[in-house]
Amino acid sequence: MTKYIVVLGTLLSGLGKGLITSSIARILKWYNVNVMPFKFDGYLNYDCGTMNPYRHGEVFVLDDGSEVDMDFGNYERFLNINMNKDFSLTGGKLFKDIIEKERRGEFLGEDVQVIPHLVNEILAKIKNISNKYNLDVLVIEVGGTVGDLENSYFIEAMRHLALEEKVIFFVVTYLPKLRVVGEQKTKPAQLAIKALMQMGIRPDFIVTRSEEEIEPNIKKKLALFSNVKDDHIIDDHDLDTIYAIPLHFMEQGLDNLLLNELDIKGEINNEELKKWQERVERLRNAKKRVSIAIVGKYTKLHDSYASLIEAIHHAEAELGIIVDIKWVESEELEINNDRVKELLNGIHGIIVPGGFGKRGIEGMINAIEFARTNKIPYLGLCLGLQLMSIEYARNVCNLEGANSTEFDPNTKYKVVDLLPEQLNVIYKGGTMRLGLWDSKLKINTKAYESYKKEIIQERHRHRYEVNNEYREILENNGLIISGTTLDNKLVEFIEWSNSFGIATQAHPELKSRFLEPSPLFVSFIKEAAKQASIL
Ligand code: GLN
């Protein structure tokens, strides 16, 4: 029988519920428990595919091509697993399914209501997944916070679930500390927990987010007012690395408390735990530093680049090198050459990540030209590959004004263009080239040296491709096409021949894991370290 853990948020978003969910699942997995996370989001979008990364944060892509919430990135990175669409539910998907059922006549004669129909639909979905994957534990993260209209019926469903199955409720809350008062305050948390109790749910554990560790007297006070035991209040103050969170929880005894409450006899896998601890230590002890510029258009909201940042952290932990990220808004690089030099001065490596739309494109191209002509290591991701080929076409192959039809539909040299099958696509959701694709790498290239094998898999999310008509001229002028799809029809990897510059049409950051960093990021950071003369 599957047991359940439900993680609810209170007071404000951005407390890191996803990391807490990931950490709880991580701990159970160290005890060889068959555990998976599951996420409900209350919005009415069917999935995250059409959301703006500048508002909602990164759109994460799974192997099966589903476009999901960025928390899935944390689940996969912490658990070192590949998830699929079964584990993501949105308000939109739920309503679509229930309305389709109604149209098929499955509720004939009834008036379809939140209780029981919608709630039953939620319970059926959750139990189906538990059975399908034969889970010991499903950790359900509820998006948003208690009190939101959007998730209220889902929380109600969780109350019903607890009537039928073993459910442990975790409530994440925040302890503010005003500088002038100098003490952590529990009143907001108390009120939020009261609101939850009015909904019929009593928390089993309270996770407190704060800047500094929770003070013992504050823990006692919160425990008393919220009806939980002292040791069931789990401190989650700001740590130097998110990968230390599960370890910090275990130091507080959460592993044994959880196993007891779930009535599961798990044996710890010390070897796996040790691998994790060693990496956290390497990250903490790293002293050597490199500076990397990320040149993009969403640089003011770092959540838009969540996986990219984590992939860099994974390479840091692998190499024991600290990366100082300099965020460069690409439009700034369009002002003039002096500004480019000023902003990229002293940088040991440049990354152009994924992106959509025309804004800031020329600035990114300027950054790539700067990297190529000054032999600064370059890493291009998706859009970063398209722009690397455009820069090369313009400045090395002399195809003046070369562009992608995404940015200039009338360009004379369509070096990057839509695939014919994309021309008639009207629906925006789920219609890009999405999910896991095989690439074949050329031997003796930087791509091959990085991955150390010929056939590799990475996730994709894009509509445009390098135009095959320009492959010959690019290659004749020294650009190396180091990877293609297995049928050689699409360009997947390109590189410069005179210095370290590599780009992929894929998003390798999406498959980078704390224990298994992306090979491409490791090669790139190593090159940057050479550039900084620390390796
Ligand atoms: N806008 C480009 C395309 O659709 C690149 C997408 C991306 O970087 N993910 O092909």
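The values are calculated or read from the model by the stated rules, or taken from the named source; none is laboratory data. What you see is a predicted model; the values in this text were computed from it and never measured. Cβ coordinates were reconstructed from backbone atoms using ideal geometry, including for glycine residues, and neighbour counts include every protein chain displayed. Quick note on the areas: whole protein, heavy atoms, side chains included, nothing else; ligands and nucleic acids left out. Shrake-Rupley method; radii C 1.70, N 1.55, O 1.52, S 1.80 Å.
Annotations for the structure displayed:
- Here the Kirkwood formula, the inverse mean of 1/r across different C-alpha pairs, assigns the chain a hydrodynamic radius of 24.9 Å.
- Rolling a 1.4 Å probe across the protein heavy atoms gives segment 385-490 an accessible surface of 50 Å² per residue.
- Percent of beta bridges antiparallel (DSSP, segment 28-143, rounded to nearest 5): 20 percent
- Degrees between helix 216-226 axis and first principal axis of the chain (Cα, 0 to 90, nearest 10): 60 degrees
- Per residue, the convex hull spanned by the alpha carbons of segment 1-118 comes to 148 Å³.
- Scattering curve values for segment 262-365, log₁₀ I(q)/I(0), Debye with Cα scatterers, q = 0.10, 0.11, 0.22 Å⁻¹: -0.41, -0.47, -1.13
- Nearest 10 degrees, 0 to 90: helix 270-285 Cα axis against the chain principal axis: 60 degrees
- Our note on the geometry: Cα centres of segment 75-96 and segment 235-256, 24 Å apart.
- Value of relative contact order over the chain, rounded to a whole percent, pairs C-alpha under 8 Å and six or more apart: 16 percent
- Computed with a 1.4 Å probe over protein heavy atoms only, the accessible surface of segment 247-372 comes to 45 Å² per residue.
- Other residues within the sphere of radius under 13 Å centred on the Cβ of Ile455, judged by their own Cβ, net out at -1 (K and R +1, D and E -1).
- Potential lengthening between Ile81 and Ala195 on full extension [0.36 nm per residue; Cα-Cα distance subtracted]: 37.5 nm
- All other residues whose Cβ lies under 14 angstrom from that of Lys194 are scored, Lys and Arg at +1 and Asp and Glu at -1, for a net of +2.
- Summing Lys and Arg as +1 and Asp and Glu as -1 over all other residues whose Cβ lies under 12 Å from the Cβ of Tyr153 gives a net charge of -3.
- Reciprocal mean inverse distance between Cα atoms of segment 248-314 - Kirkwood radius, Å: 15.6 Å
- Loop-located trypsin sites (Lys or Arg not before Pro) in segment 300-368 (DSSP state other than H, G, I, E, B) with a sparse environment of at most 16 neighbouring Cβ atoms within 10 Å: Lys300, Lys358, Arg359.
- Projected area averaged over orientations for segment 347-496, convex hull of C-alpha atoms, nm²: 9.1 nm²
- Additional length obtainable on full extension of the chain from Met51 to Lys101, 0.36 nm per residue less Cα span: 15.3 nm
- Distances between placed amide hydrogens fall under 5 Å for Leu399 paired with Arg394, all partners being 5 or more residues away or on another chain.
- Enclosed volume per residue, in Å³, of the convex hull spanned by Cα atoms of segment 39-190: 169 Å³
- Loop-located GluC sites (Glu not before Pro) in segment 433-535 (DSSP state not H, G, I, E or B) with no more than 14 neighbouring Cβ atoms inside 10 Å: Glu454.
- Here the relative contact order of segment 32-152, from alpha carbon pairs under 8 Å that lie six or more residues apart, stands at 40 percent.
- Long-range amide H partners of Thr10 with built H, under 5 Å: Val146, Val172
- Amide H partners (placed H, <5 Å) of Gly296, local residues excluded: Val328, Ser330
- Rounded to whole numbers, the Karplus 3J(HN,Hα) couplings from phi for segment 22-28 are 4, 5, 4, 5, 4, 4, 4 Hz, using 6.51 cos²θ - 1.76 cosθ + 1.60 with θ = phi - 60°, and x at Gly and Pro.
- Pairs spanning more than 22 Å between alpha-carbon atoms, out of Lys29/Lys96; Lys187/Lys220; Lys275/Lys511; Lys101/Lys127; Lys275/Lys442; Lys17/Lys287: Lys29/Lys96; Lys275/Lys442; Lys17/Lys287.
- The chain - percent of accessible surface contributed by carbon and sulfur, probe 1.4 Å: 48 percent
- Sparse-neighbourhood loop sites, GluC sites (Glu not before Pro) in segment 92-132 - DSSP loop, at most 15 other Cβ within 10 angstrom: Glu106, Glu110
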